[in-house]
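No lab work stands behind these numbers, since they all come straight from the coordinates. Only a predicted model underlies this, so the values are computations on that prediction, with no experimental measurement involved. Because the Cβ atoms are built from the backbone with ideal geometry, glycine has one as well, and the counts that use them run over all protein chains shown.
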Amino acid sequence: MALIVHKYGGTSMGSTDRIKNVAKRVAKWHDAGYQIVVVPSAMSGETNRIIGLAKEIMADPDPRELDMIASTGEQVSVGLLAIALQALGKKAVSYAGWQVPIKTDSSYTKARIASIDDVKVSADLAEGKIVIITGFQGVDELGNITTLGRGGSDTSAVAIAAALKAQECLIYTDVDGVYTTDPRVVSEARKLNTVTFEEMLEMASLGSKVLQIRSVEFAGNYRMPTRVLSSLTDPLMPLAEEIVSGTLISFEEDTNMEQATITGIAFNRDEAKLTVFGVPDKPGIAYQILGPIADANIEVDMIIQNQSVDGKTDFTFTVPRGDYNKAMDVLNASVKEHIGAGNIIGDAKVSKVSVVGVGMRSHVGIASQMFRTLSDEGINIQMISTSEIKISVLIDEKYMELAVRALHKAFELEAA
Ligand code: ADP
Ligand code: ASP
Ligand code: MG
């Protein structure tokens, strides 16, 4: 019997009425003869609320204790959904990550899944039970509860689907698929019927939070057919209609080649930029600047080093905005003193906008069209980075939405 994994996000689980609707949808799939594992998120707002409680007590709480707290939202969700399914007459059982177990490393708040035991879940499925497993959390070797990073339930779902060799993983959310850009920012955004795995990977890594990037990596590594679709439609809609209503992440390289050069626009509001002036231009400098940043567990994204003048150069890089103060402290403590650099300045109000598309490989002039569009809007580009299928620019955060809308129009993404 084919197994399907369903994942429901926070909005989809946001009230007991919504949970009853999830139960109806899951029961419909089970009635149609599928084995079903469900991976829900915490009810919307809940993870923020409980992390907020910890931060009311202390600005920078112990990550182990944060995970202990953050993981509880999903535990409430799985129990409620099991009850809602039992109320419909279904056999259902819920598990926390440690009960499966879903084993992870010990990087609290951003743990990576190491293995998922399928024994207990397979036995339940064989007995006709619907199995509900907490998203977002796991357990490390010492029995500590860990979480997988914000938005991590997507990753739990795809990883569970891969471990159980499911036929498909269906990610139900509050939009009906992956769009050319966030439909909450550009109302003309168009739903994509398919998006290539590579494009989805870029979009997720560049800020499109519709899927957590690691879930896309799992989908790619295990070739797990994954779809994004809406949980807010009629839960009893015919299965055949439902299955084609969302966006399929496709592993076929050429499905989008005939289409426009650009597939989508991603953005990340929360970037910050740091510049070290007057750095001696000699071997080992980039390492000396970025080594302490990496040691502080801060991820660096874009990097520029200018041409040197009189043996000195300027070095600029970006970090997530939440790490800006920490990065500044690290630079002030280590870099300035040890490498004899000049001033360090920063800007925590910058955003990154990226155009993504496999079509870029076979088309020229995408960068110039992007830069012309931004210039026409009077938007200054502060940094640029490119890969084979994306171009990213860093701009002042106050122009971010304007840039996304202008680029969406310039690349004619609203047209089918
Ligand atoms: P969930 O709680 O179901 O995991 P998320 O809020 O994490 O939902 O992700 C869904 C949201 O992602 C949408 O409401 C939408 O605003 C946002 N989003 C960003 N980029 C895109 C995109 N390209 N296509 C669709 N949604 C997007
Ligand atoms: N509840 C977690 C979060 O808010 C995980 C998720 O929703 O995917 O980040
Ligand atoms: Mg999400």
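Computed across segment 266-333, the Kirkwood radius stands at 12.5 Å (inverse of mean 1/r, all Cα pairs).
With R₀ fixed at 30 Å, the C-beta to C-beta distance from residue 115 to residue 188 puts the FRET efficiency at about 0.10.
D by Stokes-Einstein for segment 290-371, Kirkwood Rh over Cα pairs, 20 °C, 1.002 mPa s: 141 µm²/s. Mind giving me the FRET efficiency for residue 83 and residue 345? R0 is 45 Å, r the Cβ-Cβ distance, nearest 0.05 is fine. Step by step, r from the Cβ atoms, then E = 0.25. Using a Debye calculation, one point per C-alpha and no hydration shell, please list log10 I(q)/I(0) for segment 29-83 at q = 0.23 Å⁻¹ in order. For the requested q values the scattering log ratios are -0.87. Once both labels are positioned 7 Å from their Cα atoms along Cα-to-Cβ, the gap between residue 252 and residue 282 label points is 5.8 nm. Rounded to a whole number of µm²/s, how large is the Stokes-Einstein D of the chain at 20 °C and 1.002 mPa s, given Rh as the Kirkwood radius over C-alpha pairs? Roughly 94 µm²/s, to the nearest whole number. Considering helices alone, the calculated mean residue ellipticity of the chain at 222 nm is -9500 deg cm²/dmol, with DSSP H runs of length four and up weighted by -39500 (n - 2.57) and normalised per residue. The GluC sites (Glu not before Pro) of segment 261-355 meeting both criteria, a DSSP state outside H, G, I, E and B (loop) and at most 13 other C-beta atoms within 10 angstrom of the site's C-beta, are 299.
Extent of segment 1-69 along its three principal axes (Cα atoms, max minus min coordinate, largest first): 50, 25, 11 Å. Given R₀ = 51 Å, what would the calculated FRET efficiency be for residue 234 paired with residue 307, taking r from the Cβ atoms and rounding to 0.05? The value I calculate is 0.25. Model label points for residue 2 and residue 126, set 7 angstrom from Cα along the Cα-to-Cβ axis, are 2.3 nm apart. Centre-to-centre separation between the Cα atoms of segment 142-193 and those of segment 375-416: 25 Å.
Relative contact order of the chain: 14 percent, from C-alpha pairs under 8 Å at least 6 residues apart in sequence. Across q = 0.14, 0.18 Å⁻¹, segment 255-411 modelled as identical point scatterers on its alpha-carbon atoms has Debye log10 I(q)/I(0) values of -0.75, -1.04, in the order of the q list. Counted residue by residue at 0.36 nm each, then reduced by the alpha carbon distance between them, the extension gain from residue 388 to residue 363 reaches 7.9 nm. Per residue, the convex hull spanned by the Cα atoms of segment 1-121 measures out at 104 cubic angstrom. The packing ranking of peptides 122-131, 187-196, highest mean first, is 187-196, 122-131, where packing means the average number of other beta carbon atoms within 10 angstrom of each residue. For segment 162-263, the Cα-based Rg and Dmax, in that order, read 13.4, 38 Å. Each 10 Å bin from zero up to the one holding the largest Cα-Cα distance in segment 42-183 carries the following percent of pairs: 12, 38, 35, 14, 1. Relative to the 2.2 N^0.38 Å rule of thumb, segment 128-194 has a C-alpha radius of gyration ratio of 1.45. Here is the tail figure for segment 196-317: Cα pairs spaced more than 23 Å apart come to 55 percent of all pairs.
On full extension, the segment bounded by residue 107 and residue 15 gains 30.0 nm, given 0.36 nm per residue less the C-alpha separation.
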